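S.K.: Quick one: this structure, given as structure tokens, is what I'll be asking you about.
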Number of protein chains: 2
Amino acid sequence: MVTVADQLARVLAAVVALPPHEVALADAYDRRLAADVRTLVPIPAWENSAMDGYAVRYDDVAHAGPDAPVTLRIVADLPAGSSLDPALAPGECARIMTGAVLPTDADAVVQLEHTDRTDPMAGVADTVTVLRTVERGQHLRGAGEDLGVDALVAAAGTTATGTVLSALSSAGHGSVRVHPAPRVTVISTGSELVAPGAPLRRGEIPDSNSLLLAGLVRRAGGEVLAVLRVPDEPAALEAAIARAGGSDVVVLTGGVSAGAYDPVKQVFAGSDDVRFASVAMQPGKPQAFGRLPSGPLLFGLPGNPVSAWVSFHVFVLPALLALQGAPVSELTVTPSRATAGADWGTPPGRTQYLPARMTLVNGSLVATPVASRGSKSHLVGSLAAANGYAIVPAEVDRVHAGEVVDAVVIGTDHPLT
Amino acid sequence: MVTVADQLARVLAAVVALPPHEVALADAYDRRLAADVRTLVPIPAWENSAMDGYAVRYDDVAHAGPDAPVTLRIVADLPAGSSLDPALAPGECARIMTGAVLPTDADAVVQLEHTDRTDPMAGVADTVTVLRTVERGQHLRGAGEDLGVDALVAAAGTTATGTVLSALSSAGHGSVRVHPAPRVTVISTGSELVAPGAPLRRGEIPDSNSLLLAGLVRRAGGEVLAVLRVPDEPAALEAAIARAGGSDVVVLTGGVSAGAYDPVKQVFAGSDDVRFASVAMQPGKPQAFGRLPSGPLLFGLPGNPVSAWVSFHVFVLPALLALQGAPVSELTVTPSRATAGADWGTPPGRTQYLPARMTLVNGSLVATPVASRGSKSHLVGSLAAANGYAIVPAEVDRVHAGEVVDAVVIGTDHPLT
């Protein structure tokens, strides 16, 4: 038996990030940045007005007030986007809209409401009377007030969400180097499996793992190239694997145990490429992992759906993240402390990974098993409610409601840590 | 001024879920179920073996033990998927693999390890000697043990993740009725905007909102049909809106204030279709919402990126979820209690929506502003770190670190509640 940590270390040692390529920002959505990205232009790019109003010389209005109105001559009109930089002599101002660049000669903005011309839709007049003073620099947004030039916008490994892409654009970038999506082939093995919805003869069951794994791969940022289903025949499995040569990853379910008909075991018995391990976890004990001579990483997960789900999150997900260039800190999960929401039993001698419903109760994390009858690993119908899992050490026999356990929240864009 | 709740109610009153259509399970990923889905077949479908071993008549082995071995005749070999149902006379058994259907005449499984034939790869012999007794029903998974026939698998409005699709397949379904992805056109308005990466003349800034909104729409399950950028000219905006006629939703940013050049305001001034509101929130006060005569819902969000981000989460996201058939409980967010991770100031007289980094510290939720200098709404470079927002009532002047605030976690597949 190997520990979960050792098996994961073996997996991660075999993975390097896929070679990055440069893409337009609009095509980078959900990909990971290949390098730190810094500002090419400051944010904001220009010193600009935070208000609709009048750009003034502060000295002109320093003493303005309801009882001391100051009338200024309007020499320009500056909508957002204007390239004008009108000279302002003493006693002169420019009408300015929110976001428009401040004239070089101005050093404050008087908002519309503090003048005698409060209607923003009116045409530009010759003069405006200022009815209140301002402070020097008031209602201005300084160039670089958010980020200066050559400041870090987003670190290597960051996922290019809408907010990240927006920041990259504001920083002057039109394209960015990102790691591509890992291309994944999913193969379900089992002579008992038929296509979803097909009528069942005695002994047959619908293939559910291919949908499960394809969905998990997509959620993890992978591109599902193909989904295949093969009977428990080594030749059929070898043919399916041959078809997966263009993939970065092949995820197999089933056939990794020691049964008489386990095809993964048979195809790779004695192989140096793919090795079998008994991992000290429950579920998920039998695992196969390696790299095919044709290039793809290969994961052989147990066929039981809950075992496959747990194995995916513990071993495959970190590999998919690493292929996408995720930072090392995301590859090894640090569990959170959570309160057990129910009692449950645990298996002897192996670390338990229990699919759980993670909720926040009064701001504190609670982990409740999704399968009401405990951790029976075939309760596929219950798995849909899981958004995390509890991790219970081998030496614990039973978890009681209210006790503190380690737990991992999944399915978040920004993992809660 | 209208309250956030009233404005959201106006939005939701105008939205109905898009008409559902039937798709193969493999094509239903990330869509919402249009109706409750129930089991057509039980899960598991058959009473089957939980172990590699021998299917026996319990009475034959009731007294077996190391000192009382019982030798049985092997009359069949049952791999997973076998349709055989061999008759077992007293003294007879069948070799059986994990997942294979139990013969009608058997009522227990003896695992390999408790026999004299522990090598699963060996051929099938004529006899096997059982060295330990079992309980009646041991190592069996009963048909329907997880879910019986006509049991609820997933409720209307559930998102079809991999685990949900896997459960639907196990329940006998090959296809499912789902609501389609809302088709969204994103339009940035502003004469100051240029394409990301384009050189900047004085007064110009890169368009960042179109990337921001397109990313948020995709994260929310929408399909981005087109991303357009128009100057502050009513004719240009009208042309862009005309192009968006095939969309379910048009999201505009900018041009909703009272400035002299705000084109959204000009195009829809006095319109019965699209109405403007001053909402008692900060940022996000100016909002436009309505339905175009050509069909699409129209949202006019403030152009400031942080205002657009907040407005999206408070008004557009619930509408996109409703179009996809999300349950009512997901449309109105119930904030969690969180501990403030820092001090921050709040605006007078309006509810504050502050982009925040939400973290779990010792299992408890902490909300920390992402903009180190408070809630300045132009700090687009900082927004990328936000995975939630704090909501501070109008009457609060300042939040102090350690105080309890209301906060919403975003970006989770299963919202933490």
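S.K.: Looking at the P(r) of the range B:48-141, how many percent of alpha-carbon pairs lie beyond 19 Å?
M.R.: Tail fraction, whole percent: 26.
S.K.: For the B and A pair, go ahead and give the buried accessible area with a 1.4 Å probe, both sides summed, in Å² to 100.
M.R.: 8200 Å²
S.K.: Give me the net charge for the shell around A:Leu193: Cβ to Cβ below 13 angstrom, other residues only, Lys and Arg +1, Asp and Glu -1.
M.R.: It works out to a net charge of -3.
S.K.: Still on this structure, please answer the following. Suppose we take every Cα in the protein assembly as shown and form the convex hull; what volume per residue is that in Å³?
M.R.: Hull volume normalised by residue count: 151 Å³.
S.K.: Okay, moving on. Could you work out how far the C-alpha centroid of the range A:21-69 sits from that of the range B:192-257, in angstrom?
M.R.: Taking the Cα centre of the range B:192-257 as reference, the centre of the range A:21-69 is 18 Å away.
S.K.: How many percent of the accessible area of the protein assembly as shown is carbon or sulfur, using a 1.4 Å probe? Please report the intermediate quantities before stating the final value.
M.R.: Numbers: 16270 of 31520 Å².
Its accessible area is 52 percent carbon and sulfur atoms.
S.K.: Length gain on complete extension for the stretch B:Ser175 to B:Ala87, per 0.36 nm per residue less the alpha carbon to alpha carbon distance? Display every interim value, and only then the final one.
M.R.: Details: separation 88, 0.36 × 88 = 31.68 nm, distance 3.68 nm.
Going from the current span to full extension adds 28.0 nm.
S.K.: For chain A, evaluate the Debye formula with one uniform point scatterer on each Cα (no solvent term) and list log10 I(q)/I(0) at q = 0.06 Å⁻¹, rounded to two decimals.
M.R.: -0.42
S.K.: Through the Karplus equation 6.51 cos²θ - 1.76 cosθ + 1.60, θ set to phi - 60°, convert the phi angles of the range A:115-128 into ³J(HN,Hα) values in whole Hz; use x for Gly and Pro.
M.R.: The phi angles translate into 10, 8, 10, 8, 8, x, 8, 5, x, 7, 8, 7, 9, 9 Hz.
S.K.: If contacts are Cα pairs under 8 angstrom and at least 6 residues apart, what is the relative contact order of the range A:336-409 in percent?
M.R.: 48 percent
S.K.: Can you give the average number of partner chain beta-carbon atoms within 10 Å of each beta-carbon in peptide A:43-51, as a whole number?
M.R.: Shielding by partners across A:43-51 averages 4.
S.K.: All other residues with a Cβ under 10 Å from the Cβ of B:Val176 taken together, and with Lys, Arg as +1 and Asp, Glu as -1, what is their net charge?
M.R.: 0
S.K.: Under 5 Å between amide hydrogens, which residues at least 5 positions from A:Ala106 or on another chain qualify, with H placed 1.01 Å from N in the peptide plane?
M.R.: Answer set, sorted by chain and number: none.
S.K.: Just give the residues from the range B:217-235 buried by at least 40 square angstrom of accessible area in the all-chains context relative to the isolated chain, probe 1.4 Å, and say none if nothing qualifies.
M.R.: B:Arg218, B:Arg219
S.K.: Considering the dipole of the protein assembly as shown built from charges on the beta carbon (Lys and Arg +1, Asp and Glu -1) around the Cα centre, which of B:Ser83, B:Ala171, B:Val134 is farthest to its positive end?
M.R.: Value computed over the given set: B:Ser83.
S.K.: Report relative contact order for the range A:1-112 in percent, whole number only (criteria: Cα-Cα under 8 Å, sequence separation at least 6).
M.R.: Taking the mean separation of contacting Cα pairs over the length of the range A:1-112, I get 30 percent.
S.K.: Could you sort the residues of the range A:57-103 by number and keep only those whose accessible area is reduced by 40 Å² or more in the all-protein-chain setting relative to the chain alone, 1.4 Å probe?
M.R.: When all protein chains are present, A:Ala80, A:Gly81, A:Ser83 each give up 40 Å² or more of accessible surface.
S.K.: Relative to a virtual label point 7 Å from the Cα of A:Asp126 in the Cα→beta-carbon direction, which members of the range A:52-76 show backbone nitrogen distances below 18 Å?
M.R.: A:70-76
S.K.: Follow-up. Can you pull out the GluC sites (Glu not before Pro) in the range A:95-197 that DSSP calls coil and that have at most 16 other Cβ atoms within 10 Å? Each step should come with its number before you reach the end.
M.R.: Numbers: sites: A:Glu113, A:Glu135, A:Glu145, A:Glu192; in loops: A:Glu135, A:Glu145, A:Glu192.
Within the range A:95-197, the qualifying GluC sites (Glu not before Pro) (loop, at most 16 other Cβ atoms within 10 Å) are A:Glu135.
S.K.: Any chance you could tell me what percent of the C-alpha pair distances in the range B:188-303 go past 21 Å?
M.R.: 35 percent
S.K.: Only Cα pairs under 8 Å and at least 6 apart count here; give the relative contact order of chain A as a rounded whole percent.
M.R.: Once normalised by length, the contact order is 16 percent.
S.K.: Report, as an integer, the average count of C-beta atoms from other chains found within 10 Å of each Cβ along A:275-282. Present the calculation step by step, with values, prior to reporting the outcome.
M.R.: Values: counts 0, 0, 0, 0, 0, 0, 0, 0.
That average works out to 0.
S.K.: At 10 °C and 1.306 mPa s, what whole-number value in µm²/s does Stokes-Einstein give for the translational diffusion of the range B:242-333, with Rh from the Kirkwood sum over Cα pairs?
M.R.: The diffusion coefficient I find is 117 µm²/s.
S.K.: Here's something else I'd like to know. Taking every residue in B:151-164, how many Cβ atoms of other protein chains lie within 10 Å of its Cβ, on average?
M.R.: Other-chain Cβ atoms within 10 Å of each residue's Cβ, averaged: 5.
S.K.: Sum up the charges of everything whose Cβ sits under 11 Å from the Cβ of A:Pro206, counting Lys and Arg as +1 and Asp and Glu as -1, but leave A:Pro206 out.
M.R.: Details: positive: A:Arg229; negative: A:Glu192, A:Glu204, A:Asp207.
Local net charge: -2.
S.K.: Let me spell out the model: positive unit charges on the Cβ of Lys and Arg, negative unit charges on the Cβ of Asp and Glu, origin at the Cα centre of the range A:16-167. What dipole size does that give, in debye rounded to 20?
M.R.: About 300 debye.
S.K.: How big is the charge dipole of the protein assembly as shown about its Cα centre, in debye rounded to the nearest 20, if each Lys and Arg gets +1 on its Cβ and each Asp and Glu gets -1 on its Cβ? Walk me through the numbers before you get to the answer.
M.R.: On the way: 58 positive and 82 negative charges, 29 e Å.
Value, rounded to 20: 140 debye.
S.K.: Using DSSP, restrict attention to beta bridges with both residues in the protein assembly as shown and report what percent are antiparallel, rounded to the nearest 5. Don't jump to the answer; show the numbers that get you there.
M.R.: Values: 114 of 172 bridges.
Here the antiparallel bridges make up roughly 65 percent for the protein assembly as shown.
S.K.: I'd like the antiparallel share, as a percent to the nearest 5, of DSSP beta bridges with both residues in the range A:48-141.
M.R.: If I count the DSSP bridges inside the range A:48-141, around 75 percent turn out antiparallel.
S.K.: Between B:Glu403 and A:Ser271, with labels modelled 7 Å along Cα→Cβ, what's the label distance in nm to one decimal, could you check?
M.R.: In this crude label model, B:Glu403 to A:Ser271 measures out at 6.1 nm.
S.K.: How far apart, in nanometres, would the label points at A:Ala35 and A:Ser329 be if each is projected 7 angstrom from Cα along the Cα-to-Cβ direction?
M.R.: In this crude label model, A:Ala35 to A:Ser329 measures out at 2.2 nm.
S.K.: A follow-up question, please. Taking the dipole about the Cα centre of the protein assembly as shown, with the C-beta of Lys and Arg at +1 and of Asp and Glu at -1, give me whichever of A:Leu112, A:Ala62, B:Leu18 is farthest to the positive side.
M.R.: B:Leu18
S.K.: Follow-up question, since we're still on this one. From the alpha carbon gyration tensor of the range B:336-409, can you work out the equivalent ellipsoid semi-axes (sqrt of 5 times each eigenvalue) and give them in Å, largest to smallest?
M.R.: Here the semi-axes work out to 17, 15, 10 Å.
S.K.: How much length is gained on full extension from B:Arg337 to B:Asp27, taking 0.36 nm per residue of separation minus their Cα-Cα distance?
M.R.: Numbers: separation 310, 0.36 × 310 = 111.60 nm, distance 3.77 nm.
So the extension gain works out to 107.8 nm.
The values are calculated or read from the model by the stated rules, or taken from the named source; none is laboratory data. The structure presented is a predicted model; accordingly, all values stated were derived computationally and were not measured. All Cβ positions, even for glycine, are placed from backbone atoms using ideal geometry, and neighbour counts span all protein chains on display. Only protein heavy atoms, including side chains, enter the accessible area calculation; ligands, DNA and RNA are left aside. Shrake-Rupley method; radii C 1.70, N 1.55, O 1.52, S 1.80 Å.
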